[in-house]
Each structure stands twice: as structure tokens, then as C-alpha cells.
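This report refers to the structure that appears directly beneath it.
The values are calculated or read from the model by the stated rules, or taken from the named source; none is laboratory data. Because the structure is predicted, anything quoted here is derived from the model rather than measured. Every residue, glycine among them, receives a Cβ derived from its backbone with ideal geometry; neighbour counts consider all protein chains shown. Accessible surface areas use protein heavy atoms only, side chains included; no ligands, DNA or RNA. Shrake-Rupley method; radii C 1.70, N 1.55, O 1.52, S 1.80 Å.
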Amino acid sequence: MKNSWLIASREFMDRWNSRSYQWMLIIGPLVILLFTYFLLKFGDQGKRSLRVLIADPTDLFDNKITSNPTQSIKYAFYTSYLDFEEFRDGNRFKEFDAFVEINEKILNNKTVKLFYRERPSMEVKIKLKFELERRVEECMIEQFTNLGIDRYRQIKQPLNIDFLNVYDPKNQAENEKGWVGLFFGAIILFFIGLFGMTILRSTSKDKSNRVVEVLLASVRSTDLMLGKIIGIGISAFFQLLIWSFVIIIGLLIFKEYVFTDIFDPSKYEGLQYASEVKNEILANSNFARYNTFIDLIYHRINYTVMLPVFLFFFAASYFFYAAFFMAIGATAGSESDGQQFIIPIFCLLLLSFYAGFQTIYSPDSFLAQFFAYFPFTAAMVALINVSIGVTSSGIVQLILGFLFLLLNAFFFLWISARLFENGILNSGHRLTWKTVVQWLKKT
Amino acid sequence: MINIIELSKSFNRKPALSDVSLTIESGQIYGLLGPNGAGKTTLIRILNQILTADHGYIQVDGKLLNNNHWKDFGYLPEERGLYKSMCVFDMLLFLACLRGLTKNDARTSVNYWLDKFDISSWSKTKIESLSKGMAQKVQFIAAVVHQPTYLILDEPLSGFDPINVDLILNELKTMKSEGKTIILSTHNMKSVEEICDHVALLHKSKVIVEDKVLSLREMTAKGEFTVRFSGNMIALANALWTDFELMDTKEFGDNRFEIVVKQRGEKSFDDLANNLMGVLKLESIEKRLPTMQEVFLVRIAKEEVENEE
């Protein structure tokens, strides 16, 4: 085992000293952060301030909108009928970016049309909708009730319908959380794919430059194989750590200094309302959905459970898949010869995504249950289940799935060791299934 | 001492070694000879525990060959291989540690060998930047850096220029004088004659002959003698008479000649000396031994004939 560690540390240093690895350490997380930045920065495209003309022929709004209007929206009132063509073409309306048509039956049909010249941003849309809703509400209270505004808002409750699973009445199994699991699973698959190919290339290279014969005169073939897998695995894990560290720091900077309004709606310019009003905004507007994702990432995932499970499944899946990549590298006559055997492995990696969707949308289906134990997909399913929140029966499934994956990893490492031992000194041949079977049988 | 006992190995039912038994005494330089495909590399790989034999076993100093012997063996494979991206010093340090040296001992040993071969200036050079000859030297050091008791060399001289061939041969002689056992497989018959004590000739997976180098050459000798003298050829012809047959003649001028004669019947070195003495002015008479190249060719040809029969 001492020799395995020597080989592992050499493999790690080999990666560490390689330019591409060093670049990927820095460039990889920066690209992800840059992508996130653009997503947050330009995800809410559109005009950020509006001059709005409210065409209110019945003067329902009484030339008022709110006592504390948003700075980014300026309102003007027009108490005659106006159709959108007249607004579009009329010179006197050119100064307005949008016009709101308040129809006569608005209190019954609760429909308002807004015509814009340039698409407003999501943020402006939300503010506009909120302020118009408030005003319509006030008019309704005035016209149909004897209640004061405050009293009305106390009484007014939206009707929420929760669809709950009878076996999960606390609604722990929420789909949206599952996407976080899928994301974590995808990270595992990404690193396995990337470093699996490194294993294959490294083994093929050792074969082609003949250094393997020198090594095999000093170590057992299984030690050599394990050393390579562990060394490349450590470099993968190290890269993952660096990426995670840089990305977490980057996201914190985004949260605290760059996109403060997105992460904390109380800092939203102009929305200086009472706290219950803010909550209502969050509950009813599109903005709330926009923010749910951030809320999900930052608050609703149980990372104390998620991270250990991620690490265990990452390690077990890596060893499981590494056995295949190593076997191909050792048995292929040349690097290109091994490519044909890579395709089925990548197909199985992709199967994990299908298993992920199946688990999110039909967690109780036979397939989802099967994928939880199937070693090629177990990591993805486990991470989705953990992100959703596991029940006591789920924990049993999780542990069994992990043990089964581990068992398979050991089994395939053993198979791979046999192929490695018999194939590593052979090169220049064309790899066929017949040869693989022959080498498997050979002691 | 290494005892190779009834070793057999086949690949895809094709025998690479058939019932090979050899005894390699400690402190010897032992040559493994044979045409390509004879089974030398397979035998060497089994000795280095890279391959396992189908049948038979190997004993090292009376103990069955096992993983604990790795530190006692050094190996220079025929197809050289080093990590191209590593620098010379790190590469040697890594291989020395793999062979069981501690990092400190490995460092000391690597420095010693780099100094000895006068290549300390290369220590930070990447392997990929070395010429073939330079890489060969590094590969040789890799085989000896952990001070092995048994050194196995597969074509150790290939790729070296004459100066470095001399350097390596001298190093092998020094190691032999230190009591190390060296097993080498080579097609360079001149070096076999020069340094090997014992050789085994393999052909088609079998050992066809195993003996001391001198004994093998003598066994294959055809009763030929090289004579240097001054005088005339007529006197020579009279002196040889019917006892010896003249095979070859070289004239150096001033009536000085070197001739090769072959004995007839039971005639010996003494008979030749008696016949020539007093008739010619003799400078030297030498029994002509075949080169190892000739021994090799004769033995293989003989084996082929026997196989055909």
C-alpha cells in the first residue's frame, strides 16, 4: 500500500504541475461565477424606469395611484378613452413609455391592459402591478364596502391550495429542492467524466512510453492501478474543493456587495412598505418566484446532511466508474482504440440524468426505486432524495444504495485489476471483446 | 544464488518458456542469449515478478521469489520508459523510493550516481529534453540506484555510443567485483565475450546450452590455430606437410605472415609447434577460439537441424 501512495502522490503532482490543470483550477470557477453574474445581471432584461399614462375614462382612480410611488415609475392620468393605436402613433403621447387601459368594468373583470413601447424589466413590472392592484383595491373598498383599508387588508386572505401527499403531509418532498440534488449529482458526473478520461489517458500514456514495465518490476499491478486511481481522484477532489471555495466566496461577494437587491428584497429601491406588505409582494409576485431559487440555495437545503452524502457518493461513484476507465486504458491497444469502449460508459453517465428526472417527477415509481440501487445512477438519485429530504424509509434506501454502490465499486475494481494485470504490457493490438474475456479468465 | 526450476510460460497456448531450469551463481555476470522470440524477455519478466510462470518456480538464496525481493532486484528493460514530464532527479528519487529506499537514502543515492556518471547538471532537466543516449544513462541509474544485489539488464548497451558502452561495461565489472549478480540479455556478442562468465542459450522457448563462456567457445572450436611468423611460404608448406591444412593467409610485408591452419586427425597444438619450430622464425602460435557470434550461429543451426530430424 506504501507504493500505492507513492504512485498516487506522483500522479497528483503530475496533474498539479500540468498547465491545463492549473488553468482549470482558476478558470473553471471563474467561468461559472461569470456565468452566474451575467445570469443575475442580465436575467432581468428590460426598461428599468417608465413614464406611464393611465387612461382612465371613468376617472375611477381619481388621478391618484399611491401616496408613496416608486421612483422608477412616473404616472400621468388621461381621463378620456384612448386606444393603443392612438397612443402608439399620437405625437402628444410620445413622451410616455407605456399606457394602462383602465376599462369601465375593471372592478368586476379585474383586468388591466398595459401597452408598452419597450419591454419593461421584471422589477418594474412587479412594482407596477403591485401599485395598480393597490389602487384598484382601494376603489373596490370605497365602492363596495364600509370597511377601512387597513381592516380590509386584515380580512383579505389569498386562497392557498396545497397539494399534499398523504404519505408526506408535511410536504417535505418538494420538486424544486430536487433540482439542487440534480445539480450536485451533475457535479459528480462532470468530475467523473473529466477525471475518468484522465485515468484512461494516463494509463494509455504509461503503456505507450513503456514506463509501466519499470513500475511493475517494483510494485504489484493492483497497487499500481489503485495508486493511479487514488492519485487522479485526489487531484479531482482537490480541484472540486478549490472550485467550491472560489464559487462560494464569489457567491457571497455577489450577495453582499453586487446584487444586494436581488438577494434581499427589503433593499429594493422604492418599496418602503410595511413588513406585511413586503411579504405579500413576495407571496404574489413573479419576483417571489425569482427569489425562491436563491432562497432555496441559501436557506432551504440541509447542507449538514447534503455535503457528507455528496462526499461519500462522490468517492464511491468515482471508484466505481474509475474501474471501468482503468480497465479500458489498460486493455486498449492504443488511446484511440479505447474510444469505442468509452461511449457506453458515457451513455451510462447520461442515464443518471434520466434517473434524476424520474426521481424528481415520479419518486415512487418502480424506475426511480430501481435507479436508487443501480450503481451507475445511485449517486444522482441519492443526492436528489437528500436534497428533497429523506424519510426514515428513505434513509434505509440511501444506506443500502450506498453499500450496494460500494460493493460494486470493489467488485469492478477487482475485475479491472485482472484486466489491468493481463493487458497493461500489451500494446499495439486491436481490443476486442474476445480479448477482454480471455484476459478476464487468465490468472 | 538464483535457481530457476522447470519454468514454463505460454501466451495464447503458444509456449514462451518450456521447462527452463538454470542456476545463476552469486557474483557472476550471466548472459541470456538467443534469437528474437526465444523467450529471454519472458524469463526476465518472470524474474522481475512482472509476469507469473504457468509452471515451475524461482528460488533466490534458497527462498521462493516473492515481493520482498523487489528491493534486491534492479531492472533495465529493453524498451526504456520514463515519465517524460518529470525531471531527472525526481524520476530517480521516485523509482528509488518505489524500490524501498527512504526518501533521504534515495536522495543520497541519486546524487551519488549522478555525480558518478558526471550528469549532476541534468538533475533538473525534464526527461523529454534528454537525448536518447542521455535518457539511457538515466535509465541505467534507475536500475542501480537502490544498490540491488541482483541486476537484470535487457539489452543494456543498445543506444549507447562506444564511450558510454565502455562506461557501462566498466560499471558492470565493478559491480561484479562487489559481489553483485548480473543477468543480462544481449545480442552484442562482443560484450558477452568481454564480461560474461556464464551464458545460457535459449531457442524456441528452451535452453539449448548453458555453460561458461570459455567452455562454450572451446567446445565449439574447430581445431584452428593462428600463427605469426617470418620466413617463406614454401618452408611453411613443407613444415605443415599433411598434418595441418592452411586455411587463410595474410602478408604484412618483409616476409612476415599471419596464417590460420586447421588440424587434421588427432594433431595438437604441440605437434604444430614442433613442426614449425626451427623451420620458421615464429612470433606467436595461438589456438583460435570461435567468437560468441560463431558459437551462437553454430549452436542455433545445430538445433534447427536436430529439430528438423
Indicate, rounded to the nearest 5 percent, the antiparallel portion of the DSSP beta bridges found entirely in the range A:1-153.
-> 30 percent
When you count, for each residue, the other Cβ atoms within 10 Å and take the mean per peptide, how do B:293-302, A:215-224 rank with the highest first?
-> A:215-224, B:293-302
In a Gaussian network model of chain B with springs linking alpha carbons closer than 10 Å, the residue among B:Ser21, B:Ser215, B:Ser284 that fluctuates most is B:Ser284
Lys and Arg at +1, Asp and Glu at -1: neighbours of B:Gly231 with Cβ under 10 Å from its Cβ sum to +2
Compare B:Lys281, B:Lys173, B:Lys124 in a GNM of chain B, Cα atoms joined below 10 Å, and give the one with the largest fluctuation.
-> B:Lys281
Step through the table entries B:Lys14/B:Lys206; B:Lys212/B:Lys287; B:Lys14/B:Lys40; B:Lys14/B:Lys190; B:Lys180/B:Lys302; B:Lys126/B:Lys176, compare each Cα-Cα distance with 23 Å, and write down the pairs that go over it.
-> B:Lys14/B:Lys190; B:Lys180/B:Lys302; B:Lys126/B:Lys176
Dividing the convex hull volume of the alpha carbon atoms of the range A:50-155 by its residue count, what do you get in Å³ per residue?
-> 108 Å³
In sequence order, calculated HN-Hα J values of the range A:376-381 (Karplus, 6.51, -1.76, 1.60; Hz; x Gly/Pro) | 6, 10, 4, 4, 4, 4
Expected 222 nm ellipticity per residue - DSSP helices of 4 or more, -39500 (n - 2.57), all of the protein assembly as shown, to 500 = -17500 deg cm²/dmol
Normalised by the residues of chain B, what does the relative contact order come to in percent, with Cα pairs under 8 Å and at least six apart?
-> 20 percent
How much length is gained if the chain between A:Leu425 and A:Phe366 is pulled fully straight, taking 0.36 nm per residue apart and subtracting their Cα-Cα distance, in nm to one decimal?
-> 16.8 nm
Which sequence of B:Phe244, A:Phe238 reflects their accessible areas, 1.4 Å probe, from the largest down?
-> A:Phe238, B:Phe244
Shielding of A:16-22 by partner chains, average beta-carbon count, 10 Å = 1
